[in-house]
Amino acid sequence: MAASATLAVAGGVAVGQSDSGEGAAQPVAVESAIPAWRDLARAQEDLELALGARDAALMAMDRTVDALHLELARLDELIDVDSGRQLLKGEAEQLVVQEYMSGGDVEDLVFILGVSEATDALWREALLSELSEVVDQALSAVDNVFEEQERTEARIGRLNDAIPYLNSRLNDAEQSVEAAEWVVYIAEINDMADRELAQSRFIEPTERHWYNLRFCESTNNYTAESSNGLFYGAYQFEPRTWRTVGGTGNPAHAPPEEQDARARLLYARRGDQPWPRDYCGRWLPAN
C-alpha cells in the first residue's frame, strides 16, 4: 500500500490500457464466473450438501461395522454345532413367525429360509395348520450348521472388503466438508463487504481493477513481504490494517481468497484511501 512495498515486475504478464485512459501499460486479468466464495447463499447450500454426503458415508460405515460385528458373533455360535443349531432354530422361528403374521407367499418363505427341499404343497398345508408345524418343517430343512458357517464367513469377507472403500469415502466426505466450511468462511467476509459497499456507495472494482492493483503492489504475489518489513501479501497490507478487517497473523500467509475478501472489505469501508491514488490506488475506480 506504499511505494516502498513494490517488488520487481515478473515477466510473462499480459498488458493493456488503463481504465482511466492513461497510456501506460498495465497487466490485464480476464473476467471469470463468480466463484462460490462470493455467493454466501450458494456456499451455504454447498456446505449443506457436503454435510449430507458426510452423514450418509458415516451411516454406511456404521451399518457395515455393526453388521460385521453381528456376523462375527453369529459365526462364534455356529462354530459349536449344538449352539449353532439353537441359533438356526431361533432364526427360523423368528422368520416363520414374521412371514406367517404378514401373510406372505409360501414361495417367499421358502426363499428366505433357503429350504430348497420343501415343496409348495407342503408349505401351503403347513401354513394352514398350526404354526408349530411350520417351525418343525423349517428346522428340518435348515439344520445344516456347517453350510451356514461357510455362508456366514462369506458375508464376513464381503463386509471386511467393503470397509476400506467406505473409509476412503468417509475421508473424502470429511475433506469436502472442511473445504465447504472454508468457502462459507470466505463468503461471509465477502457478504459483509457487499453490504458495506451498498452503504458506502463506493464503486465496486472489477476483477481487472483488483488484478492491476495487486500487480502494482506486489506483482500479484500473495506471499510478498516488503523489504522494510512493513507490508505483506498481494495487497501489501499493514498488519494493523489487516486486523481492522478481521485478519489474524501474517497477511502474506493467508490464502489468496482470504486476502481478496479482506481487501474488498477494506475498500468497502475506506475506498481507495489505503492505496494512494498517486501510486497503486490509481488502478482502482475513482469515487
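Take the conditions crowded, with 20+ Cβ neighbours inside 10 Å and within 27 Å of residue 51 (Cα to Cα) and apply them to residue 259. Does it pass? Spelling it out, residue 259 is indeed crowded, with 20+ Cβ neighbours inside 10 Å and within 27 Å of residue 51 (Cα to Cα). Residues in the range 230-240 that are outside any loop (DSSP other than H, G, I, E, B) and open to solvent by less than 10 Å² (accessible area, probe 1.4 Å): 237 only.
So which residues in the range 38-72 are open to solvent by less than 50 Å² (accessible area, probe 1.4 Å) and over 30 Å from residue 265 (Cα atoms), if there are any at all? Correct list: 52, 56, 57, 60, 61, 64, 65, 67, 68, 71.
Does residue 186 fit the bill of being closer than 16 Å to residue 39 by Cα, among the β-branched types (Val, Ile, Thr) and touching a residue at least 24 places away in the same chain (Cβ under 8 Å)? Answer is yes for this residue. All conditions but one from (1) open to solvent by 50 Å² or more (accessible area, probe 1.4 Å); (2) modelled with pLDDT under 95 apply to residue 243; the one that does not is (2).
Counting only residues that are part of a helix (DSSP H, G or I) and either among the charged types (D, E, K, R) or buried (at least 18 other Cβ atoms within 10 Å of the Cβ) (or both), the range 76-86 holds 6 of them. Determine whether the range 30-37 contains at least one residue that is open to solvent by less than 40 Å² (accessible area, probe 1.4 Å), at pLDDT below 50, among the hydrophobic types (A, V, I, L, M, F, W, C) and closer than 28 Å to residue 255 by Cα. No; the residues of the range 30-37 include none that is open to solvent by less than 40 Å² (accessible area, probe 1.4 Å), at pLDDT below 50, among the hydrophobic types (A, V, I, L, M, F, W, C) and closer than 28 Å to residue 255 by Cα.
On the stretch given as the range 203-229, residues that are in contact with a Lys or Arg (Cβ under 9 Å, 6 or more places away or on another chain) and either open to solvent by 30 Å² or more (accessible area, probe 1.4 Å) or in a loop (DSSP other than H, G, I, E, B) (or both) total 5.
The values are calculated or read from the model by the stated rules, or taken from the named source; none is laboratory data. Please read all numbers here as calculations on a predicted model, not as lab measurements. All Cβ positions, glycine included, derive from the backbone under ideal geometry; neighbour counts span all protein chains shown. Quick note on the areas: whole protein, heavy atoms, side chains included, nothing else; ligands and nucleic acids left out. Shrake-Rupley method; radii C 1.70, N 1.55, O 1.52, S 1.80 Å.
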